[in-house]
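What follows is one structure encoded as structure tokens, with my remarks underneath.
The values are calculated or read from the model by the stated rules, or taken from the named source; none is laboratory data. These figures come from a predicted structure and were not determined experimentally. Don't worry about glycine lacking a Cβ; one is built from the backbone with ideal geometry, like all the others, and counts go over all protein chains shown. Keep in mind that these areas ignore ligands, DNA and RNA; they rest on the heavy atoms of the full protein, side chains included. Shrake-Rupley method; radii C 1.70, N 1.55, O 1.52, S 1.80 Å.
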Amino acid sequence: MRNTRDTNLLFELSETGRRAHRLPACDVPERPVGELVPASALAAAPPALPELSEPQVVRHFANLSQLNMSVDTHFYPLGSCTMKYNPKRNERVAAMPGFSDLHPYQSEGTLQGMLQLLYELQEYLQEISGLDACSLQPSAGAHGELTALWVAATYFRDRGEKRTKVLVPDNAHGTNPASAAMAGFTTVTVKTLPSGTLDIDDLRRHLDNQIAVFMITNPNTVGIFEPRIREIADAVHQAGGLVYLDGANMNAILGIARPGDFGADMQHYNPHKTFSGPHGGGGPGAGPICVTEKLAPYLPAPVVIKTTEPSPDPSLQGRETDRYHLDYDRPKSIGRVRAFFGNVGVLVRAYCYIRTHGPDGLRRVSENAVLNANYLLSRVKHCLPVPQGDRCMHEFVASAAKVKTEKGISAMDLAKRLLDFGFHAPTVYFPLTVKESIMVEPTETESKETLDAFADTLIRIMEEDADLLHDAPHTTPISRPDEVRAARQPMLVWPETY
Amino acid sequence: MPYLYNTPEDQAAMLAAIGARSIDELFAMIPADMRLRRPLAIPPAMSEMELTQHMTSLAAKNTHAGQKVCFLGGGSYDHFIPAAVDELAGRGEFYTSYTPYQAEVSQGNLQVVFEYQTLIARLTGLDVSNASLYDGGSAAAEAVLMAISSTRRYGKVVIAASVHPEYRQTIATYLENLGVELETIGTPRGVVQPHDLAAAVDDKTACVVVQQPNFFGCIEDAAALASIAHDAGALVVAAFDPISLGLLKRPGDWGADIAVAEGQTLGTPMQYGGPYLGIMACREKLVRRMPGRIAGQTGDRRGKRCFVLTLQTREQHIRREKATSNVCTNQGLFALRATIYLALLGPQGLRDTANLCLQKTRYAVERLCEHDRFELAFDAPTFKEVVIRDRRGRVDELLADALAAGFLAGVPLGQWYPELHDCFLIAVTEQRTRNEIDSWTHALAKMT
């Protein structure tokens, strides 16, 4: 039933002279292009784009879409990525022209609804984090990390302190050390214990007057809440450093615990995860950050502020109303981290998500995310050990090390075989601190039946013949790709003359 | 809650299987004194209908480009988006999937990225493209970092004042803590003067950053600037407008080593500044310094053609602090939109779009400058944007009055260029009709 013809490459489908989109005739007096643009700047011909009809384009992409697994079509327990249901209502709302058809350089008076939404979102994110100020500008989680590290660097420079080091646990996301390096810091790795929590003694050994920031993910990347987080934060603060919370795992603690209350000075959110994205096949995300009062002056400009002033609307006869403004007057700001306000389309959806849930709803999101993860853990731990124990937050990390030794079945084999049964694979081989790791994050929007079906399948395939798993998947559009060839003989574009 | 399945019976059964008495018990690892003991202070929940009504009322407090005639530009433009772009990119199989970690169930996304990379390479005249970055501004900053690390020149970066001011601010932020100087060359005549560039570059210059057409809409003598940069051993980073390449010479053909762009023009709505699409392409020798995801073609075990993420040893999840960048995901949804958009336009559609922009901009300028109050600020040739000087120097009042008359008439430039306080930037896309241009001219001309 698969249509393999229309999923040939656009360049193979192209036929000279075909056209899809046609433009209207020029309705102003037309001048020869050569009179308007110097010959030296003109191309001899337009770029060699493919030539296709509209039905062909539609069939091509519609068929390509069917080669993907997605949240709309499959259980997608990709650990650390929070692949929860993406509400359709948010898509329809965000597409309203009153949000989607706004130019970034329109004047404030034409943007009062937009700015009100963004202002309120700043307030909600501050409240959920227990922190004092917010910047919505960063474009993704990693960009939020980088922005916060620039805030820290500028804060210390302003205080006349020269601090050069950022501490990162060995189970941190790779973005943490990469962001630290981009912000000009040296990264120092702190060990974690076999229990999955931070080795506080090792942390203390690294704390000195060179420490700028300690970055921690909490709940951490093995799905455990650091029980001694306040002691950790106190130790960092005593050394004069700041605590950064990687907010990748906020889905576990909404309305239950707040980073500002357990010692964080800064954090980012991943609204495409926690507040239901969607993930867009790899983006867009957004990476708003919240910080404590003392760091607020350093946030990127602009931020949205609210004033109360007489309405400009003559019918209201000067009555006081709320007005929203972009505040650029921030002399200590680190500056811009991107062009324009931010990934507003993602922020609009996050706002919708928060308004849909309210305080009780957000708490129930986290409760059910944690319930689902613990239930799944209880279903699979007998065959797939979870080194960190019987309880987890919103995700857990199992290890296939035993089955690898006994039967030669690796985490990758299990991941690939799950695909045959219509389940997206969990994250595998991260974090690096667990051997043959399988990181499972079911999210709150899955049913018990789905979790049972997934657990049953996992248990069943572990009993299968190892060779069947080595060759898996068997039912997907392609079998395992040759990644070595892809890297050694890179073919990154389709050649023009093929 | 609308998105939860678990009934109280499910919850009870699940807790029993776990061996826990309550959901609260599952949170026991969070010490009691760190728990929030009150509800979050945010507004109560809304049903879908209430949410839709609330959002409709917020949207109504905005004035969108469809309600006024839009002449705003400066890096975000009111180009036409064919319906097929929205319909196809709106398929849940695309927008509710994620980074293709499992290639076997992500061939749709991976092939789109491969097609996108090919289109961008052909568009720019460069060898390779990545799978995209956040936006034009951060792509420009990443290109500068890439140039610094590949030339190993940590002295300075030279940038033209005619590059988008917010891109320059972004680059300044990225360089602030790295000890690399950012030297800006003035462009009082709207374009870079070659002798100014020659005086600025030296053997410590990692790269020269120029924009073509530049922020003022002017067409730079890009080839001359590139050769000056290359003579000093510096790389050339070019910011470009993808639409302009329907007519203008491609960055790779005039000497750019790394080309970056805001890809919003390729089928993405303006949505108040983002999310957009950061385009980046470069010469083959630089590919291992490139940030972000890259897809490549290979074969599967049965010899069938397929696509995977590749060259991942550049990336943060493998290399950590030694990675080329901290960038994690691409802007998949907008790379998809750009791919669909370019597939629909084809070479002739892109050329026609570029030509309509060029002709209508010229027409708008001629009509407006029939009135003594207005003149072109620069005499360099332009593409789809121009800087207009208001000889009365009342730009803010003029634009406010024009808004009341139904026009998003232009972007005031004094906020970035104090010397251009009496100037505004206009953009004329293929969507503007002769009638709209005539009535805009008429409205501006009769303002006091």
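See the values below:
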item	result
Single residue of the range A:104-118 satisfying the filter (open to solvent by 10 Å² or more (accessible area, probe 1.4 Å) and part of a helix (DSSP H, G or I)) that is nearest to A:V434 (Cα to Cα)	A:Q116
Failed item in (1) more than 12 Å from chain A (Cβ to nearest Cβ); (2) open to solvent by less than 10 Å² (accessible area, probe 1.4 Å), with B:F215 passing the rest	(1)
Residues that are farther than 14 Å from A:S366 by Cα, within 7 Å of another protein chain (Cβ to nearest Cβ) and aliphatic (A, V, I, L, M), drawn from the range B:21-39	B:M29, B:M34
Meets criteria (open to solvent by less than 20 Å² (accessible area, probe 1.4 Å), among the hydrophobic types (A, V, I, L, M, F, W, C) and under 29 Å from B:A261 (Cβ atoms)) for B:L444	no
Count of residues meeting criterion [more than 7 Å from every other protein chain (Cβ to nearest Cβ) and either surrounded by 14 or more Cβ atoms within 10 Å (Cβ to Cβ) or within 27 Å of the chain's Cα centre (by Cα) (or both)] in the range A:472-498	1
Residues within the range A:119-141 that are assigned to a strand (DSSP E or B) and facing chain B (nearest Cβ under 8 Å), tallied	0
Where A:S315 falls short, out of the listed (1) touching a residue at least 24 places away in the same chain (Cβ under 8 Å); (2) over 30 Å from B:A28 (Cβ atoms); (3) of a type in the set (S, T, Y)	(1)
Of all residues making up the range A:415-449, the number that are within 8 Å of another protein chain (Cβ to nearest Cβ) and either surrounded by fewer than 23 Cβ atoms within 10 Å (Cβ to Cβ) or under 23 Å from A:P278 (Cβ atoms) (or both)	11
Residue count, the range A:1-16 (criterion: open to solvent by less than 60 Å² (accessible area, probe 1.4 Å) and part of a loop (DSSP other than H, G, I, E, B))	6
Subset of the range B:366-378 that is assigned to a helix (DSSP H, G or I) and touching a residue at least 60 places away in the same chain (Cβ under 8 Å) - its residue that is least open to solvent (accessible area, probe 1.4 Å)	B:L368
Yes/no for A:D101 being at the interface with another protein chain (Cβ under 7 Å from one of its Cβ atoms), without any contact (Cβ under 8 Å) to a residue 12 or more places away in the chain and surrounded by fewer than 24 Cβ atoms within 10 Å (Cβ to Cβ)	yes
Elements of type strands (runs of 3 or more DSSP E) contained in the range B:185-291, each with 1 or more residues being touching a His at 6+ places or on another chain (Cβ under 9 Å)	B:205-212, B:235-240, B:258-262
Pairs with Cβ under 9 Å, 6+ apart, first in the range B:25-49 and in a helix (DSSP H, G or I), second open to solvent by less than 50 Å² (accessible area, probe 1.4 Å) and of a type in the set (K, R)	B:M34/A:R258; B:E48/A:R89
Selection count, the range B:386-409, where residues are at negative phi and either not assigned by TED's automatic domain parsing to the domain that holds B:E370 or not in a helix (DSSP H, G or I) (or both)	12
Residue count, the range A:91-103 (criterion: in contact with a helix residue (DSSP H, G or I) (Cβ under 6 Å, 6 or more places away or on another chain) and part of a loop (DSSP other than H, G, I, E, B))	2
Helices (runs of 4 or more DSSP H) within the range B:69-170 that include 2 or more residues more than 9 Å from chain A (Cβ to nearest Cβ) and on the phi < 0 side of the Ramachandran plot	B:83-89, B:136-151
Scope the range A:89-98; condition at the interface with another protein chain (Cβ under 7 Å from one of its Cβ atoms) and open to solvent by less than 10 Å² (accessible area, probe 1.4 Å); matching residues	A:V93, A:G98
Which numbered condition A:G144 misses (of (1) at the interface with another protein chain (Cβ under 10 Å from one of its Cβ atoms); (2) assigned to a helix (DSSP H, G or I))	(1)
Out of A:L193, A:L198, sole residue that is under 18 Å from A:F430 (Cβ atoms) and of a type in the set (A, V, I, L, M, F, W, C)	A:L198
Among (1) buried (at least 23 other Cβ atoms within 10 Å of the Cβ); (2) aliphatic (A, V, I, L, M); (3) modelled with pLDDT under 95, the one test that A:L316 misses	(1)
Only one of A:N171, A:N176 that is part of a loop (DSSP other than H, G, I, E, B), within 22 Å of A:Y429 (Cβ to Cβ) and among the polar types (S, T, N, Q)	A:N171
Search result, residues across the range A:31-88 that are in a helix (DSSP H, G or I), more than 7 Å from chain B (Cβ to nearest Cβ) and farther than 22 Å from B:Q111 by Cα	A:G34, A:E35, A:A39, A:K88
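Table: residues versus (1) of a type outside the set (A, V, I, L, M, F, W, C); (2) touching a residue at least 40 places away in the same chain (Cβ under 8 Å); (3) open to solvent by less than 20 Å² (accessible area, probe 1.4 Å); (4) more than 10 Å from every other protein chain (Cβ to nearest Cβ).
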| site | (1), (2), (3), (4) |
| --- | --- |
| A:A153 | no, yes, yes, no |
| A:L167 | no, yes, yes, yes |
| A:H173 | yes, yes, no, no |
| A:A178 | no, no, yes, no |
| A:G184 | yes, no, no, no |
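Rundown of residues vs (1) surrounded by fewer than 23 Cβ atoms within 10 Å (Cβ to Cβ); (2) in contact with a helix residue (DSSP H, G or I) (Cβ under 8 Å, 6 or more places away or on another chain); (3) closer than 30 Å to A:L146 by Cα; (4) more than 7 Å from every other protein chain (Cβ to nearest Cβ), yes/no style:
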| site | (1), (2), (3), (4) |
| --- | --- |
| A:K332 | yes, yes, yes, yes |
| A:G335 | yes, yes, yes, no |
| A:C352 | no, yes, yes, no |
| A:N372 | no, yes, no, yes |
| A:D390 | yes, yes, no, yes |
| A:M393 | no, yes, yes, yes |
| A:A401 | yes, no, no, yes |
| A:A411 | no, yes, no, yes |
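Residues are listed down the side, and each one gets a yes or a no for (1) without any contact (Cβ under 8 Å) to a residue 60 or more places away in the chain; (2) within 10 Å of chain A (Cβ to nearest Cβ); (3) surrounded by 15 or more Cβ atoms within 10 Å (Cβ to Cβ); (4) under 25 Å from the mean Cα position of the chain (by Cα):
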residue: B:I388; (1), (2), (3), (4): yes, no, yes, yes
residue: B:R391; (1), (2), (3), (4): yes, no, no, no
residue: B:D396; (1), (2), (3), (4): yes, yes, no, no
residue: B:A427; (1), (2), (3), (4): no, yes, yes, yes
